Amino acid sequence: MSGYLVKVLVEPRPGLLDPEGQAIERAIQELGLPEAHETSVGKLISFKLPGGSLEEVRERANWIGQKLLANPVIERFSLEVEAL
Amino acid sequence: MSGYLVKVLVEPRPGLLDPEGQAIERAIQELGLPEAHETSVGKLISFKLPGGSLEEVRERANWIGQKLLANPVIERFSLEVEAL
Amino acid sequence: MPAKLARPSAETLAAGTRQGLTPAELARIVEILGREPGELELGLFALNWSEHCSYKSSKHFLRKLPSESPRVLQGPGENAGVIQLDDELAVAFKVESHNHPSAVEPFNGAATGIGGIIRDILGMGARPIALLDSLRFGEPNVGAHRNTPVLDLLRGVVAGIAHYGNCVGVPTVGGELYFDDAYADDPLVNVLCVGLLHQRGERGLQPYGAVASGVGNVILLVGASTGRDGIHGATFASEELVGEKEAKRPNVQVGDPFKAKLLIEATLEACNVGARRAVPLRGQAQDLPLLIGLQDLGAGGLSTALPEMAARGGVGIELQLEKIPLRTRPMTPYEILLSESQERMVLCVPTGSELRFSRIFHKWGLEAAVIGRVIAEKSFIIRQEQHLLAQVPIEGLAGGPPPPDCALAAPDVVGAGLVPALASPAPASPQPAWEKPADWQARLLALLAAPGIGSRRPIYQQYDHTVQINTVVGPGAGDAAVLRIKDTPYGLVLTIDGNGRYGALDPYQGGAIAVCEAARNLVAVGAEPLGITDGLNFADPNDPEVYWAFAQAIQGLADAAQALEIPFVSGNVSFYNQSVRRKIPPTPIVGMVGLLRDINKRVPMGFQAPGDLIYRIGRARGGIGGSEFLKLFYGRGEAFVPNASPLLDKVELAFESRLLQAMRALAQQGLIRSAHDISEGGLLVTLAESALAGGRGAELDLDGRSEAELFGEWQSRFIVSVAPEAADSVARLLGERELPWACLGRVVPEPLLSLIGAHDHHHTSLHLDELRQAHEQALEGFFA
Amino acid sequence: MRAAVIVLPGSNCDHDAFYVLSQVLGVPTDLLWHEDVGAHGHTPLLQYDLIILPGGFSYGDYLRAGAIARFSPAILALSDYLARGCGLVLGICNGFQILTEAGLLPGALARNITRQFICQTVRLRVENADTPLTSALQTGEEIELPIAHDQGRYVVAPNGLAELKRNRQVLLTYAGENPNGSEEAIAGICDPKRRVFGLMPHPERNTELLLGNGDGLRLLRGLKQT
Ligand SMILES: Nc1ncnc2c1ncn2[C@@H]1O[C@H](COP(=O)(O)OP(=O)(O)O)[C@@H](O)[C@H]1O
Ligand SMILES: [Mg+2]
């Protein structure tokens, strides 16, 4: 099948308090990796699209990322598009 | 700096209901990508470790993934370790 | 004449055994069908005849529970029981257990438990207005590590209940929690939902039911689409959790509370409840005919729901499998039929109205599909396209299997098999001094901080308990929750109770006490108890001692309900709560609903005014067996028997009944300013709780009292506070009714709980802040 | 005065707001299904003086609270409503989350610092009584309202905070304990024109003496008087 796999990684904006990341880091440390650091927790949203040009898919996915998937006040996102 | 970046991707087990993925897919479709499908939402947890061998880091990260990061009853995870 | 013995083929025997059917049951199946069953038909029988769905081991005993009163609109047998409040209002309520799913996956297990009980209430056409949760876990034993298995379970279950209940907007207004190692492998998660029914149109107050009738009428499947969730959940609930939970994984159901909320609104609209809204939503379907019946899809999915509806209506149902909206493809007929996908309901609607009903669900973004029709032949017929896949007489499925012959035997020592501590020798430590309460302050503080007694705030703070703006007394604020009913003077009063330690010591008493304790909670607030729903949690009924305990507990429940004249209207039985290592103690849990005719006459739990007299009303003497005190300080509360006094005091039902009536009279006549029943922790803990709740201190003369008196948990007692002006009237009322009472002291303005020595007038006291701190911190670390 | 309570899929305080507005405050009020706001520039919203976005879990709070709801027809129609009319908009809890997601109020509501849902009554300080919503209160006084949320930690870009303060857009702050970790303990704000209001606490849950001290009514009454 042709088409694209779009992956959008949404992460907390750097500098913002990230209680979730902190809690997971603490748990990782307690579980035996005391040197773990810079832990971050992001959301990876992926979906497939059937066709179009890579450029076009990338542009529209970027728009969805901005409008819907990430809230720029507290998050940032990055995008990957793979041809299938 | 030397060391490793560990990335753990935790996803819902296939076949289980994923209400969040469904809701996001519908929103993406309505926002202008009506052909979007197979939407899934995972968690990407990443952290850094200062040293050790790649083998060892991978093994311990795998253990943390099993014990802490993914709930095997409903989730599966995959692992990437990069040398920094 | 003996019936001719049907003989299932070797093939049927093998396939049926794999599905958990016994040879006797398989023989009966062949007899019912007059032929060998097909694979799908075997699956139908396995589900419908599972313990979970057929109540085969418990039915016979459940009949002992009294279930009648003039107010009962619907007794046991429906999705929920219904009690009438007045000409226009009724309440539906039921308990449901989700023990096994919660053990495997605490978050989703507990969440879908909430979803299930909410749909049971919805099935009566009632709007869900409150939830309560009753939880049992192993000892938390918190050390350095916060990731103990017990705490993981506790956090997961609480988060699951919060996730689902908060999202659907039904307040969780009460509950209870016990810790005991007997529950370490088998946590208990019982949830209670209450719904409100208004009179409507031609139907009046008549609740809806799980019924299909009228040949040609339409079966509509609404809500979520059908996936491969929880195939065999019902048979799963009827099995022990054998060590490896891995094997059970495919059964995990994931709930979608968002869809559940949409389903609630759409279903109530379909039940014509929308019409009673002050302003109906625009676009609402007009001229809707009345629904014929509706039913939630729970354990067993369509395979049990449809035969149940057909059985009630004395009809058959023909199902077209290809009409069912699927989430995952492909699915086998077996999987479709047995799927336990959540957030689905089945409706039976009049021919010709299917589009109008479907439109409601579509508006709410839900599926609605015509999947079958009512037929005259009393069979469950399943077709896919034109292929006939199954044809089974409804009576055979819904009538249940031949009764199993479980044996029943009293154990040599009551509780020995159930409570490991009983079997072990007494501790080597010196005999405790039961007479002298050594350092009451330290003991009281330790009790208040014990996980079994301390504040449950870290839990209920995670539950939305104020949504729907009815919660007048919420969690932590009284013996029972009080909800106002809008546009009426009424208060609806709710509680859930059951102490497994008492059940272990004496299952009969465990049952009887659970009813009495729940009634006491309602009466403490000033309410009249109206009805009971129960959750019966036991180990394997094939174990004669467990079965004996089950029979005992039911007898206890039945006798107490008879004596107090409160009917059972619904309930749930959960067996097989045991692992290779241990069995849970007999744990009957009682949910009770009561009515305050005038909500302004509710009695608070806390002391109100300095100068008020503090009375203990009720039984004056008893032992210390079974108490939290023994458990905490001697490590064997279940068992320790000082001077061979009985393990557990027995509740005297006639006395209890008199006591409760007197308490209600005191409340109605406005003679008491506060009331609180004496339960876990005993007298001093109760006094401290009343002091904390009211923010007032107390000065008490308890000189020369034994530890049994300060910390014993014997039954049938309340602490009340009385304004000095009312003292004579109270004394007269109690005297006339021959109820023992004693004045223990008075409420004081200082924030101190003080005990006065009668001889030396030496005060020993504790500051309320210290008490509060101990009480508040009990569970705090568990959720950090 | 006429008010509308918008019903979104997953709203669960819609009936509460409706009850309080119509029964307790005596304001003629409609429950309005979010798709029934008309199309093509014609919006029945204009017939209302007050639009309430109630609490709840619109679209299940999936992705982020309010993230999907902001694209609902009723929410999309709000810009037009604000541009053409002179009515007021109040978002309570989930409604506040939607308003920030839609960009009608600045900032965002992140997950509580405790990583848990919190339901309790909190004390709040009135920071600005000079708006229609808070007009029946005094600046500096303390009131009591229930909160019930999982994503209530108010966050705003650094320059945004200065601007909020300069415009006196902060209406309520948590007094004493800051339960969810909000920046500057902010619990409620308005837009610079004082026509759009967002509150994490639930005033509609404390308007009757049976349920609390009635502080919520004092707050909502301000809207009626204007
Ligand atoms: N312990 C009990 N006491 C009274 N009624 C009970 C008890 N257990 C079950 N019932 C009644 O038996 C019927 C079947 O229960 P259950 O299978 O739990 O219902 P559902 O399938 O709706 O969850 C219900 O009417 C229920 O109220
Ligand atoms: Mg049911």
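The values are calculated or read from the model by the stated rules, or taken from the named source; none is laboratory data. Just so it is clear, the model here is predicted, and its values are computed rather than measured. Cβ coordinates were reconstructed from backbone atoms using ideal geometry, including for glycine residues, and neighbour counts include every protein chain displayed.
Count of region C:303-338 residues, restricted to those that are assigned to a helix (DSSP H, G or I) and either more than 17 Å from C:K378 (Cβ to Cβ) or of a type outside the set (D, E) (or both), is 19. The number of residues in region C:383-410 that are closer than 25 Å to C:E78 by Cβ and more than 27 Å from the chain's Cα centre (by Cα) comes to 7. Candidates are the residues of region A:5-34 that are under 27 Å from B:S40 (Cβ atoms) and assigned to a loop (DSSP other than H, G, I, E, B); the one that is farthest from the other protein chains (Cβ to nearest Cβ) is A:P14.
Considered as a group, the residues in region C:565-610 that are aromatic (F, W, Y) and either in a strand (DSSP E or B) or on the phi > 0 side of the Ramachandran plot (or both) include one that is farthest from ligand 1 (Cβ to nearest atom), and that residue is C:Y576.
Yes/no per residue for (1) at pLDDT 95 or above; (2) of a type in the set (G, A, S); (3) in a helix (DSSP H, G or I):
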{"residue": "D:A4", "(1), (2), (3)": "yes, yes, no"}
{"residue": "D:P9", "(1), (2), (3)": "yes, no, no"}
{"residue": "D:F18", "(1), (2), (3)": "yes, no, yes"}
{"residue": "D:S22", "(1), (2), (3)": "yes, yes, yes"}
{"residue": "D:L32", "(1), (2), (3)": "no, no, no"}
{"residue": "D:E35", "(1), (2), (3)": "no, no, no"}
{"residue": "D:A39", "(1), (2), (3)": "no, yes, no"}
{"residue": "D:Y59", "(1), (2), (3)": "yes, no, yes"}
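Of all the strands (runs of 3 or more DSSP E) wholly in region C:463-533, which have at least 3 residues that are without any contact (Cβ under 8 Å) to a residue 60 or more places away in the chain and surrounded by fewer than 24 Cβ atoms within 10 Å (Cβ to Cβ)? First the steps, then the outcome.
Details: elements: C:471-473, C:481-484, C:491-497.
No strands (runs of 3 or more DSSP E) qualify here.
Inside region C:673-712, can you point out the residues that are farther than 22 Å from C:P751 by Cβ and in contact with a strand residue (DSSP E or B) (Cβ under 8 Å, 6 or more places away or on another chain)? Matches in region C:673-712: C:D677, C:I678, C:D703.
Residues that are within 14 Å of chain B (Cβ to nearest Cβ) and in contact with a Leu (Cβ under 8 Å, 6 or more places away or on another chain) within region C:105-126 comprise just one, C:P106. Here is the figure for region C:89-104: residues that are within 14 Å of another protein chain (Cβ to nearest Cβ), buried (at least 24 other Cβ atoms within 10 Å of the Cβ) and away from ligand 2 (no atom under 16 Å from the Cβ) total 2. Do we have any residue at all in region C:343-357 that's over 16 Å from C:T267 (Cα atoms), in the same structural domain as C:A111 (by TED's automatic domain parsing) and either within 16 Å of ligand 2 (Cβ to nearest atom) or touching a helix residue (DSSP H, G or I) at 6+ places or on another chain (Cβ under 8 Å) (or both)? Among the residues of region C:343-357, not one is over 16 Å from C:T267 (Cα atoms), in the same structural domain as C:A111 (by TED's automatic domain parsing) and either within 16 Å of ligand 2 (Cβ to nearest atom) or touching a helix residue (DSSP H, G or I) at 6+ places or on another chain (Cβ under 8 Å) (or both), which makes the answer no. If we scan region A:11-20, do we find a residue that is of a type in the set (A, V, I, L, M, F, W, C) and surrounded by 20 or more Cβ atoms within 10 Å (Cβ to Cβ)? Scanning region A:11-20, I find no residue that is of a type in the set (A, V, I, L, M, F, W, C) and surrounded by 20 or more Cβ atoms within 10 Å (Cβ to Cβ), so the answer is no.
Could you tell me which residue of region C:19-31 is modelled with the highest pLDDT, considering only residues that are crowded, with 16+ Cβ neighbours inside 10 Å and not in a helix (DSSP H, G or I)?
C:L21
Figure legend. Inter-residue proximity from region C:51-68: first residues closer than 12 Å to C:V569 by Cα, second residues within 16 Å of ligand 2 (Cβ to nearest atom) and hydrophobic (A, V, I, L, M, F, W, C), beta-carbon distance below 9 Å, spacing 6+ or different chains. Indicated pairs: C:L62/C:V573; C:S67/C:V569.
Which count do you get for residues in region C:72-102 that are more than 10 Å from ligand 1 (Cβ to nearest atom) and either of a type outside the set (G, A, S) or under 13 Å from the mean Cα position of the chain (by Cα) (or both)?
Matching residues across region C:72-102 total 15.
What residue, of C:G109, C:G113, C:G81, C:G123, is within 16 Å of C:D186 (Cα to Cα) and within 14 Å of ligand 2 (Cβ to nearest atom)?
Numbers: C:G109 fails: within 14 Å of ligand 2 (Cβ to nearest atom); C:G81 fails: within 16 Å of C:D186 (Cα to Cα); C:G123 fails: within 16 Å of C:D186 (Cα to Cα).
Answer to the selection: C:G113.
One residue alone among C:D133, C:D86 is more than 14 Å from chain B (Cβ to nearest Cβ), more than 16 Å from ligand 2 (Cβ to nearest atom) and in a loop (DSSP other than H, G, I, E, B), and that residue is C:D86.
Being more than 16 Å from ligand 2 (Cβ to nearest atom), crowded, with 22+ Cβ neighbours inside 10 Å and over 19 Å from the mean Cα position of the chain (by Cα) holds for only one residue in C:G34, C:G16, and it is C:G16.
Collect the residues in region C:38-50 that are within 16 Å of ligand 2 (Cβ to nearest atom) and in a helix (DSSP H, G or I), keeping them in residue-number order.
Initially, region C:38-50 is screened for residues within 16 Å of ligand 2 (Cβ to nearest atom), giving C:47-48, C:50.
Selection gives C:L47, C:N48.
Would it be correct to say that D:A129 is free of Cβ contacts under 8 Å to residues at least 40 places away in the same chain, more than 14 Å from every other protein chain (Cβ to nearest Cβ) and of a type in the set (A, V, I, L, M, F, W, C)? Don't jump to the end; show me each part of the working.
On the way: free of Cβ contacts under 8 Å to residues at least 40 places away in the same chain: yes; more than 14 Å from every other protein chain (Cβ to nearest Cβ): yes; of a type in the set (A, V, I, L, M, F, W, C): yes.
So D:A129 fits the description; yes.
Residue check: C:K56 meets all listed conditions (1) within 14 Å of ligand 1 (Cβ to nearest atom); (2) in a helix (DSSP H, G or I); (3) more than 24 Å from C:L131 (Cα to Cα) but one, namely (2). Just one of (1) part of a loop (DSSP other than H, G, I, E, B); (2) surrounded by fewer than 19 Cβ atoms within 10 Å (Cβ to Cβ); (3) within 13 Å of chain D (Cβ to nearest Cβ) trips up A:S2, so point out which. Condition (3) is where A:S2 drops out. In region D:11-36, the residues that are within 21 Å of D:P201 (Cβ to Cβ) and at the interface with another protein chain (Cβ under 8 Å from one of its Cβ atoms) reach residues that are of a type in the set (D, E) and assigned to a helix (DSSP H, G or I) with C-beta atoms within less than 6 angstrom, at least six apart or across chains, in these pairs: D:D16/D:E204; D:V20/D:E204. Scan region C:553-562 and tell me whether some residue there is within 23 Å of C:L188 (Cβ to Cβ) and surrounded by fewer than 24 Cβ atoms within 10 Å (Cβ to Cβ). Yes; the residues of region C:553-562 include at least one that is within 23 Å of C:L188 (Cβ to Cβ) and surrounded by fewer than 24 Cβ atoms within 10 Å (Cβ to Cβ).
The rows are residues; the columns are (1) surrounded by 21 or more Cβ atoms within 10 Å (Cβ to Cβ); (2) within 16 Å of ligand 1 (Cβ to nearest atom); (3) hydroxyl-bearing (S, T, Y); (4) farther than 21 Å from B:L17 by Cβ.
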position	(1), (2), (3), (4)
C:L288	no, no, no, yes
C:I292	yes, no, no, yes
C:L297	yes, yes, no, no
C:T304	yes, yes, yes, no
C:G313	yes, no, no, yes
C:E318	no, no, no, yes
C:L321	yes, no, no, no
C:R329	no, no, no, no
C:I336	yes, no, no, no
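Taking first residues from region C:541-556 that are away from every other protein chain (no Cβ under 14 Å) and partners that are charged (D, E, K, R) and more than 16 Å from ligand 2 (Cβ to nearest atom), the Cβ contacts under 6 Å between residues at least 6 apart in sequence or on separate chains come to C:V546/C:D540; C:I554/C:K64.
Which of the residues spanning region D:168-223 are in contact with a helix residue (DSSP H, G or I) (Cβ under 9 Å, 6 or more places away or on another chain) and of a type in the set (K, R)? Those that are in contact with a helix residue (DSSP H, G or I) (Cβ under 9 Å, 6 or more places away or on another chain) and of a type in the set (K, R): D:K193, D:R195, D:R205, D:R218.
Checked against the criterion of being within 16 Å of ligand 2 (Cβ to nearest atom) and either within 29 Å of C:G594 (Cβ to Cβ) or in contact with a helix residue (DSSP H, G or I) (Cβ under 8 Å, 6 or more places away or on another chain) (or both), region C:168-191 has at least one qualifying residue.
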